[in-house]
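What follows is a set of notes on a single structure, which appears directly below.
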């Protein structure tokens, strides 16, 4: 029973990590796109 709980917590941490990295990539991409558009 405790083994299942540990796996759920591990997956939840993985989900948060992947989400954070994804948001970081999207923000940096939109910042670079905005800079590109502003120059032209």
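The values are calculated or read from the model by the stated rules, or taken from the named source; none is laboratory data. Every value quoted in this text rests on a predicted model; they were computed, and no experiment measured them. Here the Cβ positions follow ideal geometry from the backbone for every residue, glycine too, while neighbour counts run over all protein chains shown.
Things to note:
- Tally of residues being modelled with pLDDT of 95 or more and outside any helix (DSSP H, G or I) across the chain: 0
- Close pairs from the stretch 1-30: first loosely packed, with under 10 Cβ neighbours inside 10 Å, partner at pLDDT below 95 and not in a helix (DSSP H, G or I), Cβ under 6 Å, at least 6 apart: none
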